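S.K.: The structure's right below; bear with me while I get my questions together.
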Amino acid sequence: MEGSVAEFEWTNPHSWLQVNVENEAGQMVEWSLEMGSPANLARRGWRPRLLVEGDPVTVTIHPLKDGNPGGALLAVTLPVGSQMG
């Protein structure tokens with residue numbers, strides 16, 4: 001999915017990425033994407049200010065089974081074009 005960062009929460013026990021994505025009706029929907037712990041993310045190159053509000057991103061996720069806008073983040077393509085998993 002393509003969207004923009006609404007918020008990047010660097011918190012324990014899991015970090016969260018909130019992404020605004022336009023749906024088929026043209027409305028903005030905020031997706032809540034669960035990530036690993038800050039310690040595990042830091043070992044993989046993540047930093048607390050890697051993503052800021054308004055950054056355009058492309059995300060790959062495992063969506064929630066119930067169809068709500070959320071899931072587990074698998075990868076994100078950053079505004080500079082690099083990808084973080």
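No lab work stands behind these numbers, since they all come straight from the coordinates. On a predicted model such as this, the values are computed, not experimentally measured, just so you know. Counting neighbours? That spans all protein chains shown, and the Cβs are built from the backbone with ideal geometry, glycine included.
S.K.: Mind putting a number on the dipole of the chain about its Cα centre? Charges go on the C-beta only, +1 for Lys and Arg and -1 for Asp and Glu, and I need it in Debye to the nearest 20.
M.R.: Computed charge dipole of the chain: roughly 520 debye.
S.K.: Something else now. Return the Rg/Rh value of the chain, two decimal places, where both radii are evaluated on C-alpha atoms and Rh is the Kirkwood radius.
M.R.: 0.95
S.K.: Given the C-alpha centroids of region 1-42 and region 49-81, what is the distance between them in whole angstrom?
M.R.: Going from one Cα centre to the other spans 5 Å.
S.K.: Counting only C-alpha contacts under 8 Å and six or more residues apart, can you give the relative contact order of region 16-57 as a whole percent? Each step should come with its number before you reach the end.
M.R.: On the way: 28 pairs, mean separation 12.0, N = 42.
This gives 29 percent for region 16-57.
S.K.: Considering only DSSP states other than H, G, I, E and B, which GluC sites (Glu not before Pro) in the chain qualify as loop sites with at most 12 other Cβ atoms within 10 Å?
M.R.: Taking the chain and a limit of 12 other Cβ atoms within 10 Å, the loop GluC sites (Glu not before Pro) found are 24, 53.
S.K.: Let me ask another. Can you give the helix-only mean residue ellipticity at 222 nm for the chain, where every DSSP H stretch with n ≥ 4 adds -39500 (n - 2.57) and the sum goes over all residues, rounded to the nearest 500 deg cm²/dmol? If you can, show how the numbers build up before the last one.
M.R.: Details: 1 runs with 6 residues, N = 85.
It comes out at -1500 deg cm²/dmol, rounded to the nearest 500.
S.K.: Still on this structure, please answer the following. Show me, for region 32-40, the HN-Hα J-couplings you get by feeding each phi into the Karplus relation (A = 6.51, B = -1.76, C = 1.60, θ = phi - 60°), rounded to Hz, glycine and proline as x.
M.R.: So the Karplus estimates, Gly and Pro as x, are 9, 10, 7, 10, x, 6, x, 5, 5 Hz.
S.K.: Along the Cα-to-C-beta direction of residue 58, a point sits 7 Å from the Cα; which residues of region 21-44 have their amide N less than 18 Å from that point?
M.R.: Flagged as within label range: 21-23.
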